[in-house]
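Coordinate-derived values only; no laboratory data. This one's a predicted model, so the numbers in the text were calculated from it and none came from an experiment. A quick note on method: Cβ atoms are made from the backbone with ideal geometry, for glycine too, and the neighbour counts reach across all protein chains shown.
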Amino acid sequence: MTFLSKRINNLSESQTIKMAKLGRELSAKGIDVINLSFGEPDFFTPDDVKEAAKKAIDENYSYYTPVSGYPDLRKAVTEKLLRENGLTYTFDQIVVSTGAKQSLANAVMCLVDPGQEVIVPTPYWVSYSEMIKLAEGETVFINATVENNFKITGAQLEAAITPNTKLFMFSSPCNPTGSVYSREELADLVAVFEKYPNIYIISDEIYEHINFVGKHASIAEFDSIKDRVVLINGFSKSYAMTGWRVGYMAANKEIANACDKIQGQITSGTSSIAQRAALAAYQGGLESVNAMVAEFKKRRDIVHALLTEIPGVKVNLPDGAFYFFPEIKSYFGKSNGDYTISNAEDLCLYLLNEAHVSTVTGEAFGNEDCIRISYAAAEDQLREAVLRIKTALSKLN
């Protein structure tokens, strides 16, 4: 009998981390592995942000910070939300956390009681279901398909709601699909939420700036439900600051105070140096962000053209983020020698061992017919990776 808690035994391992680990193990043996499994920009943090961190060290920002973050950073977040999104918040509605992932976990733990239902459109980011599991909630999935660009409708949402529904949780732009909800599509969902005043919404907008179709639309823009929206964002993707671990939420004061309370018992405040760097990021404008997004769009177009040339692969054109989520079920049941592809995980392991390209099974994101491919890699690596994938798949019959 294990001495570990049921809580940890029921928790699944992150598939993105698992595949990256397997790729590193092959690389350690001298094999040239192209890692397309991690959601991490391959750009460096902007120089002005790095300089702000160095200055903070010299100025002795080495003490505990307020649990919810430095007031000037929280004020800068409110100014960003007003300037870029037209959203009005006060600084005491902002909670800065150790990455957007902690912001998400804080919100789920503060909103969901055991047995309450959380609606999650699939595909979804791998940690959503595990956070809900930790809160002892019940996840209700709504399946979206590649034919609809992996987005749900208001009718689908309403069909999933029960008297036990407490929360709706989604991302736009989406990890793993790159789908972006337009304001009109969000309005379709909002019309449903207006009928159910006891349902809260977590809107994960961490990929906000990596958007190829125009101005970002947030569900918090709708005044009728804004007080029930927990907006999640951060610095990791847009400013290439994944290792700095700074994210935040914007929510009504009761939710913000609750998240401050739980964070105070788990981690307390975010790194003082990282917060000073984040402040510089929001004060420095979007020049570096826009340059990175232009490069991502170029890569997206290259990879999309290459993927569409592979027989049996069904792929849409993502509107944001830096992922493709191709449907690959046509290869299920096919073999190369003694190795048979039964599911998406088998295919990912096959691509890792045969093509030396690391991807992630779509099952981890709620769709067992797909795999996730990150194009946060250099153009020459992406071209080589898709060529390897095409060659490996051609060997299956």
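Give the peptides 118-125, 86-93 in descending order of average Cβ contacts within 10 Å, highest first.
118-125, 86-93
In debye to the nearest 20, how big a dipole does the stretch 150-299 give about its Cα centre with +1 on each Lys and Arg Cβ and -1 on each Asp and Glu Cβ?
Dipole magnitude for the stretch 150-299 comes out near 420 debye.
Round to the nearest 10 and give me the degree value, 0 to 90, for the angle of helix 15-28's Cα axis relative to the longest principal axis of the chain.
So the inclination is approximately 60 degrees.
Which percent, to the nearest 5, of DSSP beta bridges fully inside the chain are antiparallel?
Bridges in the chain that DSSP calls antiparallel: roughly 45 percent.
Between K298 and S394, 0.36 nm times their residue separation minus their Cα-Cα distance comes to what?
Stretched fully, the K298-S394 segment lengthens by 31.9 nm.
Go ahead and estimate [θ] at 222 nm for the chain from helices alone: -39,500 (n - 2.57) per DSSP H run with n ≥ 4, summed, over the residue count, rounded to 500.
Result for the chain, helices only: -12000 deg cm²/dmol.
Order these peptides, 145-157, 363-375, 57-69, by their mean beta-carbon neighbour count within 10 angstrom, highest first.
Output ranking for 145-157, 363-375, 57-69: 363-375, 145-157, 57-69.
Using only C-alpha positions, report the orientation-averaged shadow area of the convex hull of the chain, nm², one decimal.
Its average projected convex-hull area is 20.8 nm².
Measure of size requested: the Rg and Dmax of the stretch 1-82, with Cα atoms as the atom set and Å as the unit; please supply both.
Answer for the stretch 1-82, Rg first and Dmax second: 20.5, 54 Å.
Between the helical axis of 287-307 and the dominant principal axis of the chain, each derived from Cα atoms, what acute angle in degrees is found, rounded to the nearest 10?
30
Kindly express, to the nearest 10 degrees and within the range 0 to 90, the angle between helix 272-283's C-alpha long axis and the longest C-alpha principal axis of the chain.
Once rounded, one gets 90 degrees.
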